[in-house]
1. Given the options 69, 12, name the one that is modelled with pLDDT under 95 and closer than 27 Å to residue 263 by Cα.
2. Can you report the number of residues in region 267-286 which are touching a Ser or Thr at 6+ places or on another chain (Cβ under 8 Å) and buried (at least 24 other Cβ atoms within 10 Å of the Cβ)?
3. Can you tell me which residue within region 76-94, out of those that are part of a helix (DSSP H, G or I) and closer than 30 Å to residue 282 by Cα, is most open to solvent (accessible area, probe 1.4 Å)?
4. Is it fair to say residue 65 is touching a helix residue (DSSP H, G or I) at 6+ places or on another chain (Cβ under 7 Å), closer than 17 Å to residue 201 by Cβ and buried (at least 23 other Cβ atoms within 10 Å of the Cβ)?
5. Any residue at all in region 190-199 that is at pLDDT below 95, over 17 Å from residue 46 (Cβ atoms) and out of contact with any Phe, Trp or Tyr (no Cβ under 8 Å at 6 or more places or on another chain)?
6. Can you find even one residue in region 152-164 that is modelled with pLDDT of 95 or more and under 26 Å from residue 279 (Cα atoms)?
7. For region 11-31, what are the residues that are in contact with a strand residue (DSSP E or B) (Cβ under 7 Å, 6 or more places away or on another chain) and more than 24 Å from residue 141 (Cα to Cα)?
8. Hey, does region 48-57 have a residue that's of a type in the set (Lys, Arg) and in contact (Cβ under 8 Å) with a residue 40 or more places away in the chain?
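The values are calculated or read from the model by the stated rules, or taken from the named source; none is laboratory data. Predicted model only: the values in this text are computed from it and were never measured. Heads up, the Cβs are rebuilt from the backbone with ideal geometry, glycines too, and the neighbour counts pull from every protein chain shown. Note: accessible area is taken over every heavy atom of the protein model, side chains too, but ligands, DNA and RNA are not part of it. Shrake-Rupley method; radii C 1.70, N 1.55, O 1.52, S 1.80 Å.
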Amino acid sequence: MSRPPTFTPPPSARAHALRTARGEFAVLEALPAGEPRADALLLPGYTGSKEDFIALLEPLAAAGYRVVSVDGRGQYETPGPDDPQAYAQGELARDVLAQAHAVSDSGGRPLHLLGHSLGGQIARAAVLLDAAPFASLTLMSSGPAQIAPSQQQKVRLLSEALAAMSMAEVWEAMQAFEPPEDAGPEAGNGADLRRRWLRHTPAQLLATGRQLTAEPDRVGELAAVRQLPKHVLSGEQDDTWPVPLLDAMAERLGACRTVIAGADHSPNTDRPAETAAAVAAFWERCDDPA
């Protein structure tokens, strides 16, 4: 679970509902001081939310980008139905295309797409449906196929708990198994993290958890989308997809590759300044290829 440093948006950002052809989605939107050079859409991972990118918003806006981070359907402040079929990957990918259309409608600027972990696999699915709306794709700590076996086991245990217990009961059980340095009050944002967890739709967690444990390797399909610049970014350690696997994926994609020193699975919260700088540098190269 990503642990953002705060749930309070920076002064350059505001929280609002993004209206799309597929419903409304809760977003945080940050604007630069002047005319944006491009727009960006950020997709969070499993159990995450738009706040996972909160420490990236200000530096990316300062670099000249309008940045929109989104709660997908059933995540935190975006409601979702109780039907697991509503969270099939194709449905979530079509949501992303609707979000992209809504974001781009306001200015007609290039739109960069970034997905963290599960969000990266949903972003990939959206691009494979229609790459036309996007100026680039960044896969942040998001691998080529299913998650590592140890993480698959954790997701299966969580799914079993969700099928038998309330969200509040599952939260208490998860805290009991967290290392003390992660579960204690010194970790910060405990009340915010709990509130976020309780507002997730269980059906969303069940459906996307299954996706993470069964995702096929679609790197070849994505590599065939040659017109789209690609970026694989991760921490120097990752227990969800091993870093050598991410290295190999980047090579298969012909993608730019960035490793953030001192970061694990969530460089967006572990090392946000370095991560924002790397993301902005990649976007700038896409915007000004000469």
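1. After ruling out the rest, the residue left standing is 12.
2. Counting residues in region 267-286 that are touching a Ser or Thr at 6+ places or on another chain (Cβ under 8 Å) and buried (at least 24 other Cβ atoms within 10 Å of the Cβ) gives 4.
3. 94
4. no
5. yes
6. Scanning region 152-164 turns up no residue that is modelled with pLDDT of 95 or more and under 26 Å from residue 279 (Cα atoms).
7. Scanning region 11-31 gives 12, 13, 14, 15, 16, 17, 18, 24, 31.
8. No: zero hits.
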